Structures are given as structure tokens and as C-alpha cells.
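The values are calculated or read from the model by the stated rules, or taken from the named source; none is laboratory data. No experiment lies behind these values; they were computed from the predicted model shown. Please note: Cβ atoms are built from the backbone with ideal geometry, for glycine as well, and neighbour counts cover all protein chains shown.
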Amino acid sequence: MPFYVWLIIAIAFIIVEIFAAGFFYACFAVGALAAWVSSLITGNPIWQIVIFCAVSVGLIPVSRVFARRITDESVPQAGADALVGLTGIVTETIRPAEDAGRVRVDGQNWRVLAAEDIEAGVEIKVTAVRGARLIVEAVDAKGGNNG
């Protein structure tokens, strides 16, 4: 294959990588550059393709390690999911059998689900979110969970 074909392929992969995340296409750009170098040394297109494939596939695990190092894995929760782990106060007695109860968490009123009845004024902890409702459990006076 002519040497300029590998340069065009490498540039195409670099352009795709600019618009994609994760350094996946960069592996193929480097593979194309390696094939370009091999095209300058040998005119055998089979070797060029073998080098392209070997370098590209060989760099994929390396790119995963690099991407993990530069990626911030501490993605903050958003919306109601950010309330999990917070405490609040029962504003309307929670009665699971009657599908009743409300709490105030982080300055907002929420409908809730709980495994047991919890009286108004009791401190609760949010354990999960299901749809537009918080799943809560009562917190005892020492700061631990009841149960």
C-alpha cells in the first residue's frame, strides 16, 4: 500500500478520537502510523496490515489503563440520588399499610416508603430512592439505625 494511505488513515482516526472519549481510536491512529513506518521500509502490504493490527490491538489494554488514571471516578450523585445517606425528620407519620407518610430531607418534602411505621418527629436516614419516593429507616437517638 502506498505510504500516504496510512497517513490518511491515521489522520482519520485522530479526528474521530477528538470527538470520542476513552482513547480507543487513538490506538488505531498509532497502529496506522506504525504501518506507515513499515510502508517506508517494506512495500509488502501484508506486513503493513499485520503491523497495523498488532500495534492497534496491543495498545487497547494500555489505553484502558491510561484512561482510568486520568478519569475522575468520583462522579457526584445528582437529583434525588444525592439524598441517599442523608438524614431528615418525619413530618407526617409514616404508615406503610396506608401508603402514607412524608419527610423533610435537605430542606425538601418527600413522600416515603418504609418497612415499619415511623411517628412524626423521628429522625430518619434515606437508604434508597424508588421513583419519586425515598426509602427510609428510623435512626435511634445514638445516631445508629434501628433494627
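Summary table
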{"item": "Any chance F28 is surrounded by fewer than 20 Cβ atoms within 10 Å (Cβ to Cβ) and among the hydrophobic types (A, V, I, L, M, F, W, C)", "result": "no"}
{"item": "Condition broken by A67, with the remaining ones in (1) among the small types (G, A, S); (2) part of a strand (DSSP E or B); (3) at pLDDT below 90 satisfied", "result": "(2)"}
{"item": "Qualifying residue in region 107-129 (condition: among the basic types (K, R), surrounded by fewer than 16 Cβ atoms within 10 Å (Cβ to Cβ) and modelled with pLDDT of 90 or more)", "result": "yes"}
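Yes/no per residue for (1) of a type in the set (S, T, Y); (2) surrounded by fewer than 20 Cβ atoms within 10 Å (Cβ to Cβ); (3) not assigned by TED's automatic domain parsing to the domain that holds I118:
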| site | (1), (2), (3) |
| --- | --- |
| I14 | no, yes, yes |
| P45 | no, yes, yes |
| I51 | no, no, yes |
| G85 | no, yes, no |
| G101 | no, no, no |
